[in-house]
Every structure is written in structure tokens, then in C-alpha cells.
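A.B. asks: Supplied in C-alpha cells, the structure appears directly below.
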Amino acid sequence: MLKTAIRKEYKGLRAQLSHSDILKKTDLLLIQFQKLGFENIHTILSYQPISQQNEIDVENLVRYLQMQFPELNVCYPKSNFSDNSMEAILEEEESEFQLNDYFIPEITTGKIIAPEEIDLIFVPLLAFDTEGFRVGYGKGFYDRFIQKCREDVLKIGVSFFAPVDQIDDRNSNDIPLDFCITPEDIYAFQ
Ligand SMILES: Nc1nc2c(c(=O)[nH]1)N(C=O)[C@@H](CNc1ccc(C(=O)N[C@@H](CCC(=O)O)C(=O)O)cc1)CN2
Ligand SMILES: Nc1ncnc2c1ncn2[C@@H]1O[C@H](COP(=O)(O)OP(=O)(O)OP(=O)(O)O)[C@@H](O)[C@H]1O
């Protein structure tokens, strides 16, 4: 399937989920995530969900990591729509989030963390395939950002749905995930 068709289908599938479906699937995702073990995680890049789009809220996954790594640095993306780039901003006590034009609650100010410092990224997506490639909103923000990260950065996708068989129009910029968590399974790639 082509990315445009996948985007359309999975936006539709998400839109059909009820509030209680979402709560249940989000709980199941945490249970799956807890099966993974991590070592030496200091800094992560999380995201705030676009709730109008029924994006997955990964807050509970972040809290779970914070229990294991009490000193965890949690960053959030700040997008620049003029060049489709983004920066990781460290969340601190005084951090504020403001809805941007795309209904993303974006962190407003804070310390910029170098991509090389990030150990783990929760990657938002619309769909993924059986090899770990993903379809996002089609602007390449995450592919551009991940390119600047360390080779060993853990890229973890989260999806309410099982993978599609194959994304037929993937390109040389597409960086595959290491894991994708769904309410039913953990997919490990490579
Ligand atoms: N929660 C969240 N934060 C994120 C992302 C994301 O996917 N989810 N991003 C991942 O890249 C970056 C922002 N990128 C975006 C890229 C394109 C559109 C966009 O085109 N939105 C459409 C609405 C979706 C639609 O097509 O229906 C639009 O408003 O036209 C939105 C965000 C950084 N922060
Ligand atoms: N590292 C990169 N450098 C330059 N252009 C890039 C890079 N990564 C992606 N792009 C460009 O960004 C556009 C969107 O890419 P793609 O269709 O793979 O997006 P996506 O993975 O669905 O979305 P997103 O990453 O925003 O969630 C494409 O035109 C692609 O060529």
C-alpha cells in the first residue's frame, strides 16, 4: 500500500475509536511496554498527543520509565514548520505547553537538548509495517531529527493497530523503528 492510502485509512480507523476504546487500549499498551527492559536511559524524547486525532498518550509509559530512572530527563519536540525541523526541549517544573496551529500542545521555552544526548524516542505514527517502517503526517519531521541522533538511539513507535503488510513507497530517508508497541504485542525489528 502507498503512504497516502495508509494515512487516509488509519486516520479513519483512529477516528472511529470511542473514548473507552482509547482508554482500554492505552492501558494495554502500558502492559506491553512493561515487558521491555531498558538499561542506562538518561534522556528521552516524548510527545504530547494531538487529541483531536486520537493520537496515543504516552504519559504512562514515561511515568513507568521515571520509576526506573528517577533522574530521567524528559524532552518534548518543538516544531519549526518553515523547514519541517524540530528540536528537543527539556521539560522542567516551569515548562508550559501551548496549542500550536496543528492542535499539538507544544512546549514553549526551555533548554534545547542535543539530538546526540537522547537515548530513547517515542515516535508518533499513523501506521507501521512488518519491517518497522512508519507512516506519519508526511512532513518528515522525525526522519530529519533521528538522522541527527546517535546510531544506538532507541526508536519506539506506539500504535493502536497491528502493522500493515508493507509500505510500498518508502524512501531512503525513512528510518525504521527498533520496536513498535501495540495493545496486543511488541514488535521488535532488525
Ligand atoms: N503529537 C505529535 N507531535 C508532533 C508530531 C506528531 O506527529 N504528533 N510531529 C510529527 O511529525 C511533529 C509535528 N508535525 C506535524 C506535521 C504535519 C502535521 C499536519 O500536516 N497536520 C495536518 C492534520 C492532519 C491531517 O492531515 O489530517 C494538517 O493540519 O493539515 C501536523 C504535525 C512534532 N510534534
Ligand atoms: N532526512 C531528511 N532530509 C530531507 N528530507 C527528508 C528527510 N526525511 C524525510 N524527508 C522528506 O520529508 C517528506 C515526508 O517524508 P515521509 O513521507 O517519509 O513522511 P512521514 O514519515 O510519513 O512523516 P513524519 O516523519 O512527518 O511523521 C518527504 O518529502 C521526504 O523526502
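The values are calculated or read from the model by the stated rules, or taken from the named source; none is laboratory data. Source: prediction; values computed, not measured. Neighbour counts run over all protein chains shown; Cβ positions are idealised from the backbone, glycine included.
A.B. asks: Please find, among Asn60, Asn54, the residue that is more than 25 Å from Phe133 (Cβ to Cβ) and under 14 Å from the mean Cα position of the chain (by Cα). Spell out the reasoning first.
C.D. replies: Details: Asn54 fails: more than 25 Å from Phe133 (Cβ to Cβ).
On inspection, the qualifying residue turns out to be Asn60.
A.B. asks: I'm trying to understand the selection: among the residues of the stretch 68-86, which are in contact with a helix residue (DSSP H, G or I) (Cβ under 6 Å, 6 or more places away or on another chain), closer than 15 Å to Ile104 by Cβ and either β-branched (Val, Ile, Thr) or not in a strand (DSSP E or B) (or both)?
C.D. replies: If the condition is that a residue be in contact with a helix residue (DSSP H, G or I) (Cβ under 6 Å, 6 or more places away or on another chain), closer than 15 Å to Ile104 by Cβ and either β-branched (Val, Ile, Thr) or not in a strand (DSSP E or B) (or both), then Asn84 is the only one that fits.
A.B. asks: Out of the residues in the stretch 25-53 that are in a loop (DSSP other than H, G, I, E, B) and in contact with an Asp or Glu (Cβ under 9 Å, 6 or more places away or on another chain), which is farthest from ligand 1 (Cβ to nearest atom)? Before the answer, list the steps.
C.D. replies: Going residue by residue through the stretch 25-53, those that are in a loop (DSSP other than H, G, I, E, B) are 34-42, 46-50.
Applying the additional criterion that residues be in contact with an Asp or Glu (Cβ under 9 Å, 6 or more places away or on another chain) yields 38, 40-42, 46-49.
On the way: Phe38: 22, Asn40: 26, Ile41: 21, His42: 22, Ser46: 10, Tyr47: 4, Gln48: 6, Pro49: 5 Å.
Per the stated criteria, the residue is Asn40.
A.B. asks: Now for a different question. Taking strands (runs of 3 or more DSSP E) that do not extend beyond the stretch 107-190, which have at least 3 residues that are away from ligand 1 (no atom under 12 Å from the Cβ)? First the steps, then the outcome.
C.D. replies: On the way: elements: 120-123, 154-158, 179-181, 186-188.
So the answer is 154-158, 179-181, 186-188.
A.B. asks: Oh, and also: Out of curiosity, is Glu87 more than 14 Å from ligand 1 (Cβ to nearest atom) and either surrounded by fewer than 20 Cβ atoms within 10 Å (Cβ to Cβ) or touching a residue at least 12 places away in the same chain (Cβ under 8 Å) (or both)? Give the derivation first.
C.D. replies: On the way: more than 14 Å from ligand 1 (Cβ to nearest atom): no; either surrounded by fewer than 20 Cβ atoms within 10 Å (Cβ to Cβ) or touching a residue at least 12 places away in the same chain (Cβ under 8 Å) (or both): yes.
Against the criterion (more than 14 Å from ligand 1 (Cβ to nearest atom) and either surrounded by fewer than 20 Cβ atoms within 10 Å (Cβ to Cβ) or touching a residue at least 12 places away in the same chain (Cβ under 8 Å) (or both)), Glu87 does not qualify.
A.B. asks: Right, another one. Hey, among Glu55, Glu9, Glu59, Glu92, which residue is closer than 17 Å to Phe141 by Cβ, of a type in the set (D, E, K, R) and either in contact (Cβ under 8 Å) with a residue 60 or more places away in the chain or surrounded by 12 or more Cβ atoms within 10 Å (Cβ to Cβ) (or both)?
C.D. replies: Working: Glu9 fails: closer than 17 Å to Phe141 by Cβ; Glu59 fails: closer than 17 Å to Phe141 by Cβ; Glu92 fails: closer than 17 Å to Phe141 by Cβ.
From the options Glu55, Glu9, Glu59, Glu92, the qualifying one is Glu55.
A.B. asks: Suppose we keep only residues that are more than 13 Å from ligand 2 (Cβ to nearest atom), farther than 13 Å from Pro124 by Cα and surrounded by 14 or more Cβ atoms within 10 Å (Cβ to Cβ) within the stretch 143-160. Which one would you say is nearest to the chain's Cα centre (by Cα)?
C.D. replies: Leu154
A.B. asks: Do you know which residues across the stretch 110-142 are more than 11 Å from the chain's Cα centre (by Cα) and within 8 Å of ligand 2 (Cβ to nearest atom)?
C.D. replies: Across the stretch 110-142, the qualifying residues are Val135, Tyr137, Gly138, Lys139, Gly140, Phe141.
A.B. asks: Scan (1) over 29 Å from Asp119 (Cα atoms); (2) at pLDDT 95 or above; (3) surrounded by 13 or more Cβ atoms within 10 Å (Cβ to Cβ) for the single condition Met1 breaks and write down its number.
C.D. replies: Going through the list (1) over 29 Å from Asp119 (Cα atoms); (2) at pLDDT 95 or above; (3) surrounded by 13 or more Cβ atoms within 10 Å (Cβ to Cβ), Met1 breaks only (2).
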